[in-house]
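All remarks here apply to the structure that follows.
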Amino acid sequence: MKLSIVGSGYVGTTIAACFADLGHDVVNVDIDEDIVDSINAGVAPIHEPGLDELVEQYAGNRLRATTDYDEILDTDATFLALPTPSNEDGSIGLGAMNAAAESLGETLSKKDGYHLVVTKSTVIPTTTEEVIAPRIEAASGKTVGEEFDIGMNPEFLREGTAVEDFLDPDKIVLGANTDRAHETLDAIFDPLVQRADDPAVIKTGIREAEMIKYANNAFLASKISLANDLANICKEFGVDSYEVLEAIGLDSRIGSAFLAAGLGWGGSCFPKDTAAIIAAARSRGYEPRLLQAAVDVNDQQPHRMLELLGDRFDPRGKRVAVLGLSFKPGTDDIRESRAIPLIDALLDAGADVVGYDPVAVESMREKFPSIEYTTTAADALAGADAALVATDWDEFAALDDEFDEMREPIVIDGRRIVTRRDGIDYESLV
């Protein structure tokens, strides 16, 4: 099929390249000429394992990019993959989505024949039907359910494994309110269903599809926070939390995934999505106490780490290395990284902060331009009075002699990845 993707960010570029890999003819539409030029040159505009290879393989063949919305006219369906950032109250910002819906509507006013519009971005239930669709109708002069249909296909892509997650998903959620829309979605995703390892295909309504994404992320975020809360209690009693969590994970009703206690969750999805669904619930008069508690527990974990450091010395004037700047390994994304509150608090306390990350240094430099950055973990540790491990990159597990170059070998491990040994004042956060 011929597909158009509006938005060439993390989600838009990934799904475009993956759809091309499934055999579809795909065009990315974006307002950023640099991103368009990058894709057309066969270079992925974001860091994501496996994506460079797909973009390089299909650019100029089944994958191209443009700033011209009229390219959509020759496609069968359009996916809206645009950012929905958090407002100050936690609700989602729909500025980019609204602008794209209006531009898409203006384009579809010139099209003869049927078209399917699919929301890929994470949006609160009712958004596709009550916000996006009316804007397309107003700009196109056409009626949803007649000349065009709308649908919702939430993404479940983890940064660092997004290509794998798309091409071998646990589930595919297809939300639509008409048989025609469901049939079109079936045709789009049939190559994936045939290739992947027996994914569950959930055919549902649009609002249900919108809510499934929020429910999915809210549950996982809450599971992590519960694991951290239990691990914090374990630490107070001198109990090995990892042994406890490993044991309860063997219960089929619980499962072992997302039970690795530590510094907490960050990134572009969990913080934004939990805040959005909390704000949405409050807008309807419901107070989501459990979800708010999950956020509160997550927010306290960096402070607990700093308390452990404070038990050893006043950080003022001390050199403190922060190992890991991205919110998780495998990505250069620093959005809501747990390293950010650590660095903020250390700077407020007068510490001399040095940061290291395999790929996220430049991203963090934009936020904290005044601190020192190094190109290796060893350089960050050399002469440091303490090291805080904020991200569980595999290379940190291999560190050993590098700690001997510290002025004071104090290591506080927020991810329990460093091997405890003699000669290091080591403490795990949990």
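Cβ neighbours within 10 Å, averaged per peptide: list 344-357, 366-379 in order, most packed at the top. Walk me through the numbers before you get to the answer.
On the way: 344-357: 19.3, 366-379: 14.3.
Peptide ranking by packing, descending: 344-357, 366-379.
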query: For labels at ARG284 and ASP296 in the simple 7 Å Cα→Cβ model, what's the distance in nm?
result: 2.3 nm
- prompt: Using r as the Cβ-Cβ distance of THR126 and ASP422, and R0 as 51 Å, what FRET efficiency do you calculate, to the nearest 0.05?
  reply: 0.30
Fraction of accessible area attributable to carbon and sulfur, the range 1-78 (%, probe 1.4 Å): 44 percent
task: May I ask for the angle, rounded to the nearest 10°, between helix 10-21 and the longest principal axis of the chain, with both axes built from Cα atoms and the value confined to 0 to 90°?
output: 60 degrees
field: Approximate spin-label separation ALA397-GLU307, in nm, with each point projected 7 Å along Cα-to-Cβ
entry: 2.9 nm
- prompt: In vacuo Debye scattering of the range 88-216, one point per C-alpha: log10 I(q)/I(0) at q = 0.09 Å⁻¹?
  reply: -0.27
field: For the range 29-87, accessible area per residue (1.4 Å probe, heavy atoms of protein chains only), Å²
entry: 49 Å²
message: Expected output is a single nm value to one decimal: the length gained when fully extending between GLU208 and ILE31, i.e. 0.36 nm times separation in residues minus the C-alpha distance. What is it?
response: 60.7 nm
query: What angle, in degrees between 0 and 90 and rounded to the nearest 10, separates the Cα long axis of helix 179-195 from the longest principal axis of the Cα atoms of the chain?
result: 50 degrees
task: Whenever you get a sec, compute what percent of the accessible area on the range 250-372 sits on carbon and sulfur atoms (1.4 Å probe).
output: 50 percent
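Given R₀ = 56 Å, what would the calculated FRET efficiency be for ASP198 paired with GLU405, taking r from the Cβ atoms and rounding to 0.05?
Values: r = 50 Å, r/R0 = 0.90.
E between ASP198 and GLU405, to the nearest 0.05, is 0.65.
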query: Name the residues of the range 272-293 whose amide N is less than 18 Å from a point 7 angstrom out from the Cα of ASN98 along the C-beta direction?
result: 280
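Among 171-179, 5-13, what's the highest-first ranking by average C-beta atoms within 10 angstrom per residue?
Numbers: 171-179: 18.8, 5-13: 25.6.
The peptides rank, most packed first, as 5-13, 171-179.
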task: Any chance you could give the angle, 0 to 90 degrees and rounded to 10, that helix 270-283 forms with the longest Cα principal axis of the chain?
output: 70 degrees
Additional length obtainable on full extension of the chain from THR161 to GLU246, 0.36 nm per residue less Cα span: 28.3 nm
query: For the range 377-392, list residues with backbone N below 16 Å from a point placed 7 Å from the Cα of ARG365 toward its Cβ?
result: 377, 380
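Based on the mean of other beta carbon atoms within 10 Å per residue, what is the order of 306-312, 24-30, 232-238, most packed first? It would help to have the intermediate numbers written out before the result.
Values: 306-312: 15.4, 24-30: 23.7, 232-238: 12.3.
The packing order, highest mean first, is 24-30, 306-312, 232-238.
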statement: Note: the chain at 37 °C, 0.692 mPa s; Kirkwood Rh on alpha carbon pairs; Stokes-Einstein D in µm²/s works out to 142 µm²/s
task: Using R₀ = 51 Å, calculate the FRET efficiency as 1/(1 + (r/R₀)^6) where r is the Cβ-Cβ separation of LEU347 and ASP68; round to 0.05.
output: 0.65
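Considering only DSSP states other than H, G, I, E and B, which GluC sites (Glu not before Pro) in the range 95-161 qualify as loop sites with at most 13 other Cβ atoms within 10 Å? Show your work: numbers first, answer last.
On the way: sites: GLU102, GLU106, GLU129, GLU130, GLU137, GLU146, GLU147, GLU155, GLU159; in loops: GLU146, GLU147, GLU155, GLU159.
The qualifying sites are GLU146.
Could you give the accessible area per residue of the range 138-272, probe 1.4 Å, as a whole number in Å²?
Values: 6280 Å² over 135 residues.
Per-residue accessible area for the range 138-272 comes out at 47 Å².
Find, to one decimal place in angstroms, the Kirkwood hydrodynamic radius of the range 209-318, where the mean of 1/r is taken over every pair of different Cα atoms and then inverted.
On the way: mean 1/r = 0.0649 Å⁻¹.
Final number for the Kirkwood radius of the range 209-318 is 15.4 Å.
Please report the carbon-and-sulfur percent of the accessible area for the range 143-244; probe 1.4 Å, protein heavy atoms only, DNA, RNA and ligands left out.
Numbers: 2450 of 4670 Å².
Exposed carbon and sulfur together represent 53 percent of the surface.
Determine the shape class of the range 305-430: with a ≥ b ≥ c the square roots of the Cα gyration tensor eigenvalues, call it rounded for a/c under 1.5, and otherwise prolate if a/b is greater than b/c, oblate otherwise.
Working: a/c = 1.45, a/b = 1.15, b/c = 1.26.
Since a/c stays below 1.5, the shape of the range 305-430 is classed as rounded.
State the number of lysine pairs found in the chain whose Cα atoms come within less than 13 Å, restricting to pairs 8 or more positions apart or on distinct chains.
Details: LYS110/LYS142; LYS111/LYS142; LYS120/LYS213; LYS171/LYS203; LYS171/LYS213; LYS213/LYS272.
The result is 6.
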statement: Averaged per residue, the 1.4 Å probe accessible area of the range 308-371, protein heavy atoms only, in Å², is roughly 41 Å²
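The values are calculated or read from the model by the stated rules, or taken from the named source; none is laboratory data. This is a predicted model, so every value here is computed, not measured. A quick note on method: Cβ atoms are made from the backbone with ideal geometry, for glycine too, and the neighbour counts reach across all protein chains shown. Protein only, heavy atoms only, side chains kept; ligands, DNA and RNA dropped before computing areas. Shrake-Rupley method; radii C 1.70, N 1.55, O 1.52, S 1.80 Å.
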